[in-house]
Structures are given as structure tokens and as C-alpha cells.
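Visitor: Handing you this structure, nothing more for now.
The values are calculated or read from the model by the stated rules, or taken from the named source; none is laboratory data. All figures in this text were calculated on a predicted structure; none of them were measured in a lab. No Cβ is skipped: glycine too gets one built from the backbone with ideal geometry, and neighbour counts run over all protein chains shown.
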Amino acid sequence: MFVSRKININIEDSESFFLWGPRQTGKSTLLKEQFSNALFFNLLRNEEFRRFSQSPEALREIVLEHTSRHGPTRIIIDEIQRVPLLLNEVHTLIEDSGIAFGLCGSNARKVKRGHANLLGGRAVRFELFPFVSSELQNDFDLVRAVQFGTLPKVYFAKQPSRYVKSYVADYLKEEVADEGLVRNLPAFSNFLSVAAFSDSEVINYSTIARDCGVSSKTIQGYFEILYDTLIAHSLPAFRTRAKRRVIQAPKFYFFDVGITNFLAKRSNPVPGSELFGKAFECFVANELRAFLSYCELDSPLTYWRLASGPEVDFIVGDCELAIEAKATPKVSSHHLRHLRQFQTEHKSRHCIVVCLEDRARVTEDGISIVPAREFLRRLWSREYL
């Protein structure tokens, strides 16, 4: 099934770029489609990994010989984090020969910990996410997306649960164990399940450490691994012009709701259930994050919560959008009270409840009640931003 990706690596022929993204989001496929004439190196191939691990300077020799015969050519290196020392050679080739690179990877941790050369601003950064609703178009099924996520191989699979299980196993083996990111793999595996229950919540390191039987410092290190391998991200608190005491700690989300559901053992949550509501919020969070990235908008994505309890799920920019994700077929005044509290202090340009109602409507005080599919259409059509 061919899906046209929303991301556009709009780059000059002379410019280099990094493309980061979690495993199996389709980075290699995208690069082959957009740069079909490039010279490709894939460091997942054993022979290329061995060659460049033993002799990073071989890259310079191969590239210079190739360009001398074929002229200027973009060079694509897939899974660049596997041989971080290659970035020194890349830097030299950019500076001395003006060669343009595309560098692709899923794990920035090894690159950073190895003090590798990150090219000092000489490469534009892009990020690829799982499928978003506007990419799937007529194939988009909200319930399926919330239950199984939108990883390419998972979304169109006849038995998506098998692929999700395989994804987690591959991540543990190839991203964590083989790269030596942790010493105690069983403890980290247990941590993944415990962390999944913290999805969409403010992280409490002490509680998670107690549940996992390890120290809080170890848990903080585990979370850093999730962020560095792009398997999760944090959502900072909205802090602008606070009149009352607000929560300032970040919230936590996995990058794909299907992975979260599997790790948290909430198998196929059904609409109307509390578990579906929690998964629905994670889905909306990831759509918003991908939208802001793909549209190259500088607007931050945050959340707002008072110390006394009221919370708004998502704030986009400096109050351009205030969004609550409510997986309910009937939005009542009870669902609106936190948005109304937010409005008394911050006056968001658009106040929205994303829900499962059949039709969009607007309350007397200007809050938009928008069905999920309609909200996603408006979002990606740039009607809000």
C-alpha cells in the first residue's frame, strides 16, 4: 500500500540534512523515493558496518572516487548512529569538497555520548513520525489508529497485534541490547511496561522506581534512553503569565499509541471505555506534534495544569489553540469547565474539544466542539494555524 508522506525534505542541492525518527517509521523508503539518484550506504548491512567501523576514512575515499566519475551526488548514510566516527569524515567532505549528505538514524544517544561531530549547524534537521491522518486519507480509521497505532507495517497488517509485539522485541534487542544502552535488560523491559501506565501523565520517578525495584537515578536514565531513541517525548508545561500556581513538571508520551497500548496491556480498547479515552489523548498528542514538525511551525506544544487540579490537555503556541481530547459521543458542560477556567486567564484564540460527537458545534461562550475526524481535517488544512 503506497502512502504519500506529509513530510517534504525541501533542501537545496548543496545542503546537508539529518533525518531522525523511531524505528520502522519509513525513513529509508522515504529517502529512496525523494533522492533516487543518491549514493546510499546502509550501516545495518554487516559488510558496510564492518568496513566503516574498522576504517571510517574509507567513506572519504569511496565518495571522492564516485563523484570524480559521476559528478556531484548526494550521499545518503542510513543508521548513521551505528558508526558515529563517520561524522568526522562527513564534516571534512562537506567543508573541503562541498558534497551534500543526507544522514538518517533512530538513535541520537550513541552519537551524543560518543561526542561525535554533529556538523555544527551544517545540516538541517527533519523528523519522521508514524502515519498521520492526512497521509492515510480514505484509509484513515480513527478506532483502528487509537487501538493499534499508525506505524506503517502495523496499520495495514491483518493481525496488527503481532507486529506491535515484534516491534517492541526488536527495539529491546537491536536498539537497546545490541547498542549496549543498559546493563540490565530485564529491568529495562519491566520499566517499559511500568512507564506505559504513566503515558499522558506527569512523571513521578520515585513511584516508578519503587514499582521497578531500581533507583530513581536509574529510572531517570531509562527515560533519557526513551527520549534519545525517539520512542517517547516529554510535553512541557505552559507557563506564560500564570496568575495562579501551576504545575511545571513535564508530561510523558510514547511516540505511538499502539506501542503504548501493548506495553500497558490495554488490548484493543473500545470506544466508550476509560482506556480508549486515555489512548485517544495519546493519539491526538502525536498528531499535533507531527503537524507542528511537518509544517515547520515554531509554535511550542505544551499543557496547562493548576496545582489545584484543573488541566487542559494541549496548548499550541502562545494561546493560539487550547485543546481538550475527550473520547465521548456527548460533550457536556462538565467537559468544558477546565477550558473555561483557562480562558479566564489566557484568552486562547481557538478553544476546542476534540471528541466523538457526530457534528461540529460552538457553545454560547465560543468553545468549539469538533468531531475528531473534522478536527484533523481542519488542522492539516491549516484552518487553525
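Visitor: Identify the residue in the range 129-144 that is among the aliphatic types (A, V, I, L, M) and in contact with a helix residue (DSSP H, G or I) (Cβ under 6 Å, 6 or more places away or on another chain) and, among all such residues, is nearest to L19 (Cα to Cα).
Guide: Looking at the filtered set, the residue picked out is V132.
Visitor: On the given criteria, is A307 of a type in the set (A, V, I, L, M, F, W, C) and either within 18 Å of the chain's Cα centre (by Cα) or surrounded by fewer than 23 Cβ atoms within 10 Å (Cβ to Cβ) (or both)? Don't jump to the end; show me each part of the working.
Guide: Working: of a type in the set (A, V, I, L, M, F, W, C): yes; either within 18 Å of the chain's Cα centre (by Cα) or surrounded by fewer than 23 Cβ atoms within 10 Å (Cβ to Cβ) (or both): yes.
So A307 fits the description; yes.
Visitor: Report yes if some residue within the range 176-193 is assigned by TED's automatic domain parsing to the domain that holds K265, of a type in the set (D, E, K, R) and within 23 Å of F283 (Cβ to Cβ); otherwise report no.
Guide: no
Visitor: Right, here's the next one. Where residues in the range 340-374 are touching a residue at least 40 places away in the same chain (Cβ under 8 Å) and within 21 Å of S273 (Cβ to Cβ), which of them is surrounded by the most Cβ atoms within 10 Å (Cβ to Cβ)?
Guide: In this case the residue turns out to be V354.
Visitor: Here's another thing I want to ask about it. May I ask you to list pairs of residues, at least six apart or on different chains, whose Cβ atoms are under 7 Å apart, with the first in the range 87-98 being in the same structural domain as I77 (by TED's automatic domain parsing) and over 16 Å from I77 (Cα atoms) and the second being polar (S, T, N, Q) and outside any helix (DSSP H, G or I)?
Guide: G98/S14
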